[in-house]
Amino acid sequence: MSFDRTIKIAPSILSADFANFGAECAAIEAQGADWVHVDVMDGHFVPNITFGPATCAAIRPHIKGVMDVHLMIAPVDPYIEAFANAGADVITAHVEAGPHIHRTLQAIRGAGAKAGVALNPGTPASSVETLLDMVDLVCVMTVNPGFGGQKFIHSQVEKVRQLRAMIGDRPIHIEIDGGVDATTAPLVAAAGADVLVAGSAVFRGGSVSNPAPYGENIRAIRAAAVV
Ligand code: DX5
Ligand code: ZN
């Protein structure tokens with residue numbers, strides 16, 4: 001995985017057909033997705049349950065590029081090895097998920113994956129200031145995690161700006177997750193984000209048998225973000 005700050009569109013398979021993840025991943029990549037974003041939820045840290053490492057491992061062979069695994073689980077540490085073994089390129093844990101985010105990030109890199117740290121909307125940018133030498137990605141949640149299709153929380157744009165200034169020249173991605181579409185993408189791109197997660201705005205109108213709308217949706221978000 002090389003580093004650059006060009007805009008990357010990362011469709012979230014939370015909005016895909018759960019009975020057809022392999023074909024959905026292949027379809028979004030064929031339609032221009034840069035990364036595939038995989039939302040893991042435990043019904044404890046967030047009020048929804050999705051799937052775990054076995055599903056990630058099953059999906060992996062169907063993804064040519066980056067598998068970006070977003071862990072909305074607590075605790076995190078007992079499962080890091082399993083998600084790394086499942087083939088995650090990036091593993092992102094929430095700063096709110098436990099008392100020892102520093103240890104968690106060490107463990108993610110120790111397992112051979114890129115380390116991401118995610119911030120809920122109520123968590124300030126300063127919470128990751130002392131972690132910047134050990135992360136490859138900061139994920140700014142622009143909705144409260146748990147569900148796709150929620151409304152973008154505009155107050156988070158200023159947080160993205162603060163993080164971008166804080167990060168400076170460090171090779172750290174800023175990822176935006178929640179409510180990203182062609183209207184909100186330019187706001188966060190201008191503030192310094194480079195990875196745009198989008199679930200409903202990518203999968204809307206398409207399917208595995210009719211994937212062209214995925215491509216149209218991805219191109220619309222990218223065109224809006226690249227200014
Ligand atoms: C929310 C997830 C997001 C979500 C984004 O808890 O982390 O990745 O799927 O979905 P949209 O783009 O529909 O807001
Ligand atoms: Zn996510």
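The values are calculated or read from the model by the stated rules, or taken from the named source; none is laboratory data. The model shown is predicted, which means the values in this text are computed figures rather than measured ones. Backbone-built Cβ (ideal geometry, glycine too); neighbour counts: all protein chains shown. Each accessible area value is taken on the protein alone, full model and side chains, heavy atoms only, with ligands, DNA and RNA left out. Shrake-Rupley method; radii C 1.70, N 1.55, O 1.52, S 1.80 Å.
What pairs come up if the first residue lies in segment 16-37 and is farther than 18 Å from Phe51 by Cβ and at pLDDT 95 or above, the second is assigned to a loop (DSSP other than H, G, I, E, B) and not aromatic (Phe, Trp, Tyr), and their beta carbons are under 6 Å apart, counting only those six or more places apart or on different chains?
Pairs that qualify, where the first residue is farther than 18 Å from Phe51 by Cβ and at pLDDT 95 or above and the partner is assigned to a loop (DSSP other than H, G, I, E, B) and not aromatic (Phe, Trp, Tyr), are Ala27/Val208; Ala27/Pro211; Glu29/Lys64; Gln31/Pro211.
Which of the residues that make up segment 51-60 are more than 14 Å from ligand 2 (Cβ to nearest atom) and either at pLDDT below 95 or open to solvent by 10 Å² or more (accessible area, probe 1.4 Å) (or both)?
Hits for segment 51-60 are Gly52, Pro53, Ala54, Thr55, Ala57, Ala58, Arg60.
Among the listed residues Val76, Val157, identify the single one that is within 16 Å of ligand 2 (Cβ to nearest atom) and among the aliphatic types (A, V, I, L, M).
Values: Val157 fails: within 16 Å of ligand 2 (Cβ to nearest atom).
From the options Val76, Val157, the qualifying one is Val76.
Of all residues being farther than 10 Å from Ile28 by Cα and buried (at least 24 other Cβ atoms within 10 Å of the Cβ) in segment 189-216, which is farthest from ligand 1 (Cβ to nearest atom)? Just the residue, please.
Taking the candidates together, the pick is Ala193.
Do you know which residues across segment 17-50 are within 16 Å of ligand 2 (Cβ to nearest atom), part of a loop (DSSP other than H, G, I, E, B), under 17 Å from Asp181 (Cβ atoms) and open to solvent by less than 50 Å² (accessible area, probe 1.4 Å)? Walk me through it before giving the result.
Looking only at segment 17-50, we keep the residues that are within 16 Å of ligand 2 (Cβ to nearest atom), and these are 18, 21, 24-25, 28, 33-43, 45-50.
If we keep only those that are part of a loop (DSSP other than H, G, I, E, B) too, we end up with 18, 33-34, 43, 45-48, 50.
Subset that is under 17 Å from Asp181 (Cβ atoms): 33-34.
Of everything in segment 17-50, just one residue is within 16 Å of ligand 2 (Cβ to nearest atom), part of a loop (DSSP other than H, G, I, E, B), under 17 Å from Asp181 (Cβ atoms) and open to solvent by less than 50 Å² (accessible area, probe 1.4 Å), namely Ala33.
Restricting attention to segment 53-77, which residues are more than 23 Å from Met134 (Cβ to Cβ), part of a loop (DSSP other than H, G, I, E, B) and among the β-branched types (Val, Ile, Thr)?
Across segment 53-77, the qualifying residue is only Ile63.
I need a count of the residues in segment 6-40 that are out of contact with any strand residue (DSSP E or B) (no Cβ under 7 Å at 6 or more places or on another chain), among the aliphatic types (A, V, I, L, M) and within 13 Å of ligand 1 (Cβ to nearest atom).
Going through segment 6-40 one residue at a time, the tally reaches 1.
Take the residues in segment 119-134 that are without any contact (Cβ under 8 Å) to a residue 40 or more places away in the chain and within 16 Å of ligand 2 (Cβ to nearest atom), then tell me which one is farthest from His100 (Cα to Cα). Before you say what the answer is, go through the steps one by one.
Initially, segment 119-134 is screened for residues without any contact (Cβ under 8 Å) to a residue 40 or more places away in the chain, giving 120-124, 126-131, 133-134.
Then drop every residue that is not within 16 Å of ligand 2 (Cβ to nearest atom), which leaves 120-121, 123.
Working: Asn120: 16, Pro121: 20, Thr123: 16 Å.
Here the residue is Pro121.
Filter segment 106-123 down to the residues that are more than 18 Å from Pro53 (Cα to Cα) and open to solvent by less than 10 Å² (accessible area, probe 1.4 Å) and list them by number.
Step one: filter segment 106-123 for residues more than 18 Å from Pro53 (Cα to Cα), giving 106, 117-123.
Answer for segment 106-123, where residues must be more than 18 Å from Pro53 (Cα to Cα) and open to solvent by less than 10 Å² (accessible area, probe 1.4 Å): Val117, Ala118, Leu119.
Within segment 178-187, how many residues turn out to be of a type outside the set (Gly, Ala, Ser), within 14 Å of ligand 1 (Cβ to nearest atom) and surrounded by fewer than 24 Cβ atoms within 10 Å (Cβ to Cβ)?
So the count comes out to 2.
Applying the selection to segment 78-95, what residues are assigned to a helix (DSSP H, G or I) and open to solvent by less than 60 Å² (accessible area, probe 1.4 Å)?
The initial filter retains those residues of segment 78-95 that are assigned to a helix (DSSP H, G or I), namely 78-85, 95.
Listed by number, the residues that qualify are Ile80, Ala82, Phe83, Ala84, Val95.
Test Pro171 against the stated conditions and say whether it is within 16 Å of ligand 2 (Cβ to nearest atom), open to solvent by 10 Å² or more (accessible area, probe 1.4 Å) and closer than 25 Å to Lys114 by Cβ.
Details: within 16 Å of ligand 2 (Cβ to nearest atom): no; open to solvent by 10 Å² or more (accessible area, probe 1.4 Å): yes; closer than 25 Å to Lys114 by Cβ: yes.
Here the answer is no, as Pro171 does not meet what is asked.
Looking at this structure, is Val140 in contact (Cβ under 8 Å) with a residue 40 or more places away in the chain, under 21 Å from Val90 (Cα atoms) and surrounded by 23 or more Cβ atoms within 10 Å (Cβ to Cβ)?
yes
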